[in-house]
Amino acid sequence: MLDEIAQQIKVCARCALAESRTNAVPGEGSPQAQVLFIGEAPGVAEDRQGRPFVGPAGKLLNELLLEVGLRRPEVYITNIVKCRPPDNRAPRPDEVRAWRDYLDGQIAAINPQVICLMGRPATQTLQDPKAAIGTVHGQGFEREGILYVPVYHPAAALHNESLRPALIEDFSRLKRLLQQRLER
Ligand code: SF4
């Protein structure tokens, strides 16, 4: 089912982003992942390669995963929007609406224990449109049997070095919450 969704995304033309993308970026990782990571949208490197989190933010994400003992091939990584918005602008509401059934399908196919929402757009889309990431990061909430954990986006720490300790703590907390859940 994940492969079918990925094939649909690769040829999708449901919104205007199809015209400006080089490659759609469905996501990658283990179909049996216990943790699903969701970011905002592909950037330049991701658009070029058709793979998620392969630029500087992806390098930092890889380091954070290693730091908390998660290996990238055992998690699944995707974005709320699957095609790069021109000039890295924020996705528009119609573009966000257009992706929803793809992401719902990916969540259903993977059935993860934990969904990590990376950054404000993913958190406001999947938790609460008014959520402030500076307030809710690191605090898990449960919905329909899945634990959601909002964290700062790795790119935020690249732009603002002072956020790095909070980002590392977010990922440490994510690991603790996952362990607690698996021990239930
Ligand atoms: S952003 Fe989503 S809805 Fe828009 S073209 Fe890409 S895959 Fe399709």
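The values are calculated or read from the model by the stated rules, or taken from the named source; none is laboratory data. It should be emphasised that the depicted structure is a prediction, and the values quoted were computed from it without experimental measurement. Virtual Cβ from ideal backbone geometry, glycine too; neighbours counted across all protein chains shown.
Descriptive notes on the structure:
- Within segment 1-44, being among the basic types (K, R) and either modelled with pLDDT of 95 or more or more than 12 Å from the ligand (Cβ to nearest atom) (or both) holds for K10, R21.
- Test for K59: is it more than 19 Å from N88 (Cα to Cα) and either surrounded by fewer than 15 Cβ atoms within 10 Å (Cβ to Cβ) or within 10 Å of the ligand (Cβ to nearest atom) (or both): no
- Flag for L65 being assigned to a helix (DSSP H, G or I) and either in contact with a Lys or Arg (Cβ under 9 Å, 6 or more places away or on another chain) or not β-branched (V, I, T) (or both): yes
- Test: residue in segment 153-163 that is within 14 Å of the chain's Cα centre (by Cα) and exposed (fewer than 15 other Cβ atoms within 10 Å of the Cβ): no
- Residues satisfying the stated conditions in segment 78-123, i.e. part of a helix (DSSP H, G or I), surrounded by 22 or more Cβ atoms within 10 Å (Cβ to Cβ) and either polar (S, T, N, Q) or more than 16 Å from the ligand (Cβ to nearest atom) (or both): Q106, I110, T123
- Residue in segment 56-63 that is within 15 Å of the chain's Cα centre (by Cα) and either under 17 Å from Q7 (Cβ atoms) or of a type in the set (S, T, N, Q) (or both) present: yes
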